[in-house]
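Let me begin by presenting the structure, written as structure tokens, before commenting on it.
The values are calculated or read from the model by the stated rules, or taken from the named source; none is laboratory data. In this text, all values refer to a predicted model and were calculated from it rather than measured experimentally. Positions of Cβ are backbone-derived with ideal geometry, glycine not excepted, and every protein chain shown enters the neighbour counts.
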Amino acid sequence: MPAADLSTHPVTATPYGRWQALNAGLGVTAFGINAIVCDPGETIDTEHDETESGQQEAYIVVAGRAEFRVGSDVTEAGPGTVIAVPDTAVTRSFRALEPGTRVVCVGAAPAADAPEYGSWIAEGAS
């Protein structure tokens, strides 16, 4: 069973922050999944939109705290918070509020034949 321990997984420094590439190690190809490790005051540029790629994104804070900007909305998020950005044209960014903040980033372009993810949960509710 593929697994990634984010506390020991390799971190690669890029102009866009310190990233952990997760797809290959997890054997996942249907969507992109990576993590970023960041500290307050780090000069990284996470501001972007996904107009060109058509990719919807979700961000899961797994350690520390981060401030997210999605369009004109700003929110602070701690471990266990999921921020979704389904509109590809909306500009989004985030920054660390605590040392050792780690955010898992998930994204993919919607597929015409994609299943209704999570529908089995509602169907199985009693």
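Listing for the model above:
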item: Condition met for ALA114 (touching a Leu at 6+ places or on another chain (Cβ under 7 Å) and surrounded by 10 or more Cβ atoms within 10 Å (Cβ to Cβ)); result: no
item: Cβ pairs under 7 Å, 6+ apart, first in the stretch 1-14 and within 12 Å of ALA35 (Cα to Cα), second assigned to a loop (DSSP other than H, G, I, E, B); result: ALA4/LEU22
item: Residues satisfying the stated conditions in the stretch 108-126, i.e. closer than 16 Å to GLU57 by Cα, not hydroxyl-bearing (Ser, Thr, Tyr) and not in a strand (DSSP E or B); result: ALA109, PRO110, ALA111, ALA114
item: Residue that is nearest to GLY41 (Cα to Cα), among those in the stretch 53-82 that are among the acidic types (Asp, Glu) and touching a strand residue (DSSP E or B) at 6+ places or on another chain (Cβ under 8 Å); result: GLU67
item: Residue tally, condition assigned to a strand (DSSP E or B), surrounded by 16 or more Cβ atoms within 10 Å (Cβ to Cβ) and hydroxyl-bearing (Ser, Thr, Tyr), over the stretch 6-60; result: 1
item: Failed item in (1) over 29 Å from ALA112 (Cβ atoms); (2) in contact with a strand residue (DSSP E or B) (Cβ under 8 Å, 6 or more places away or on another chain), with THR43 passing the rest; result: (2)
item: Test: residue in the stretch 27-35 that is in contact with a Pro (Cβ under 7 Å, 6 or more places away or on another chain) and under 20 Å from ARG92 (Cβ atoms); result: no
item: Residues of the stretch 49-74 satisfying the condition of being under 17 Å from ASP39 (Cα atoms) and of a type in the set (Val, Ile, Thr); result: ILE60, VAL61, VAL62
item: Residue within the stretch 41-49 that is on the phi < 0 side of the Ramachandran plot, of a type in the set (Val, Ile, Thr) and at pLDDT 95 or above present; result: no
item: Residues of the stretch 70-107 satisfying the condition of being surrounded by fewer than 17 Cβ atoms within 10 Å (Cβ to Cβ) and assigned to a strand (DSSP E or B); result: ASP73, VAL74, THR75, GLU76, VAL82, ALA84, SER93
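Residue by residue, here is whether (1) polar (S, T, N, Q); (2) without any contact (Cβ under 8 Å) to a residue 24 or more places away in the chain holds:
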{"site": "THR75", "(1), (2)": "yes, yes"}
{"site": "GLY78", "(1), (2)": "no, yes"}
{"site": "VAL82", "(1), (2)": "no, no"}
{"site": "VAL90", "(1), (2)": "no, no"}
{"site": "ARG102", "(1), (2)": "no, no"}
{"site": "ALA111", "(1), (2)": "no, yes"}
{"site": "PRO115", "(1), (2)": "no, yes"}
